[in-house]
Amino acid sequence: MASRTPPTLTAAPAEPAPDRRQEILNAALACAADGGVDAVSIDGVRARCGASVGSIYHHFGNRDGIVAALFFDIFHDQSRAVQVQLDAAQGVEAGVRALVTGYLDWVVAQPERARFLFQARGAVAAGPRTPDLADAARRRNQALVAWFEPHRRAGAVRDLPCELMPSLVMGPVQSYCRAWLSGNAGPDGLPSPTTYRAELADAAWRAVRI
C-alpha cells in the first residue's frame, strides 16, 4: 500500500535581512551627491531609505555621526583598494606607480564617494571624532612610510626623509582629482583623471627615483 505521507516541502531560502546601517549610509551619500555635505540631514536620510528616526539615532547618534561614519567607511575602503594594488606590484617603480594609479582608478570608479571624502573631511575634523581622523590618517601615512623605508635604505629611491615620500608621490594625483571632482575648473570641467593616468604616475616616479 502506498504511503500517504505527504512529501516534505523544502522551505524557500529566507531573504537576507536588510543592512539598515548601510541603507542609512547609502541614503546619506545620495543626499550629499545632490546637495553637498550640508544636505545630509536626519529628515533627508529618513525620506530616502525609510528608516525610522529612532533607528537612525540608534546606529549613529545624530546627523554628525552619520557624516563621520560614512566618511570613515569610504576612507578605509579607499585605503584598502590602493593597498591591494600596492601589494600586487613587483618592484619599487611598479609600487610607486601603483599607489598613483590605484588611487586614481578608485576615484574615477566611485566619484560620489571620493567627492564626499573631500567635502566631509573638514566637518569630521571639527567634530567629536577628530582623534579618529588623526589616527586614521597617521596609520595610512605610516603604512606608506614603512613601504618606502626599505627601498630608501637599499638605494632604490632618493635618500629623502620617508615621511616626505607620500606627499611627493600622492600630492599631484590627489590635487588633480580634487579639482576634477569639484567641477569648478573651466567652463566644461577638467578632463577625467584617466586622461592623465600615465603622466601622473610618471611624475610620481620622477619625484623619488634616483
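Taken over the stretch 142-195, the residue count meeting the criterion of being closer than 16 Å to Leu104 by Cβ and among the charged types (D, E, K, R) is 1.
Taking Gly61 and the conditions (1) on the phi > 0 side of the Ramachandran plot; (2) in contact with a helix residue (DSSP H, G or I) (Cβ under 8 Å, 6 or more places away or on another chain), which numbered condition does it fall short on, given that it satisfies the others? Looking at each condition in turn, Gly61 falls short on (2).
Say whether the condition of being in contact (Cβ under 8 Å) with a residue 60 or more places away in the chain, surrounded by 13 or more Cβ atoms within 10 Å (Cβ to Cβ) and either among the polar types (S, T, N, Q) or part of a helix (DSSP H, G or I) (or both) is met by at least one residue in the stretch 13-20. The answer is no, given that none of the residues of the stretch 13-20 is in contact (Cβ under 8 Å) with a residue 60 or more places away in the chain, surrounded by 13 or more Cβ atoms within 10 Å (Cβ to Cβ) and either among the polar types (S, T, N, Q) or part of a helix (DSSP H, G or I) (or both). Contact map, the stretch 146-170: first residue within 19 Å of Gln78 (Cβ to Cβ), second residue polar (S, T, N, Q), Cβ cut-off under 6 Å, separation 6 or more or different chains; pairs are Pro166/Asn141. Those helices (runs of 4 or more DSSP H) of the stretch 40-112 in which at least 3 residues are among the small types (Gly, Ala, Ser) and within 23 Å of Arg129 (Cα to Cα), considering only elements entirely within it, cover 63-88. Is there a residue in the stretch 43-65 that is under 21 Å from Val108 (Cβ atoms), open to solvent by 20 Å² or more (accessible area, probe 1.4 Å) and not polar (S, T, N, Q)? Checked the stretch 43-65: no residue is under 21 Å from Val108 (Cβ atoms), open to solvent by 20 Å² or more (accessible area, probe 1.4 Å) and not polar (S, T, N, Q).
When you check Ala137 against the structure, is it closer than 23 Å to Ala68 by Cβ and without any contact (Cβ under 8 Å) to a residue 60 or more places away in the chain, yes or no?
Numbers: closer than 23 Å to Ala68 by Cβ: yes; without any contact (Cβ under 8 Å) to a residue 60 or more places away in the chain: yes.
The answer is yes for Ala137.
Considering Gly91, Gly127, Gly122, the condition of being over 19 Å from the mean Cα position of the chain (by Cα) and closer than 26 Å to Val37 by Cα is satisfied by Gly127 alone.
Any idea how many residues of the stretch 66-75 are acidic (Asp, Glu) and surrounded by 17 or more Cβ atoms within 10 Å (Cβ to Cβ)? It would help to see each step written out before you state the result.
Taking the stretch 66-75 as the starting set, the residues that turn out to be acidic (Asp, Glu) are 73.
Still in the list and also surrounded by 17 or more Cβ atoms within 10 Å (Cβ to Cβ): none.
Of the residues in that region, 0 qualify.
Would you confirm, using the coordinates I've provided, whether Gln119 is at pLDDT 95 or above, over 27 Å from Ala28 (Cα atoms), in a helix (DSSP H, G or I) and of a type in the set (S, T, N, Q)? Write out each step before concluding.
Values: at pLDDT 95 or above: yes; over 27 Å from Ala28 (Cα atoms): no; in a helix (DSSP H, G or I): yes; of a type in the set (S, T, N, Q): yes.
So Gln119 fails the test.
Applying the selection to the stretch 172-207, what residues are more than 15 Å from Arg97 (Cβ to Cβ), of a type in the set (Gly, Ala, Ser) and out of contact with any Phe, Trp or Tyr (no Cβ under 9 Å at 6 or more places or on another chain)?
Residues of the stretch 172-207 more than 15 Å from Arg97 (Cβ to Cβ): 174-192, 195.
If we keep only those that are of a type in the set (Gly, Ala, Ser) too, we end up with 175, 179, 182-183, 185-186, 189, 192.
Correct list: Ser175, Ala179, Gly183, Ala185, Gly186.
Say whether the condition of being under 30 Å from Val67 (Cα atoms) and open to solvent by 40 Å² or more (accessible area, probe 1.4 Å) is met by at least one residue in the stretch 145-163. Checking the stretch 145-163: at least one residue is under 30 Å from Val67 (Cα atoms) and open to solvent by 40 Å² or more (accessible area, probe 1.4 Å). Exactly one residue out of Val169, Val208 is farther than 28 Å from Leu29 by Cα and within 19 Å of the chain's Cα centre (by Cα): that is Val169.
The values are calculated or read from the model by the stated rules, or taken from the named source; none is laboratory data. Quick caveat: nothing in here was measured; it's all calculated off a predicted structure. When we count neighbours, we look across all protein chains shown, and the Cβ atoms used for this are built from the backbone with ideal geometry, even at glycine. What goes into the accessible areas is simple: the full protein's heavy atoms, side chains included, and nothing from ligands, DNA or RNA. Shrake-Rupley method; radii C 1.70, N 1.55, O 1.52, S 1.80 Å.
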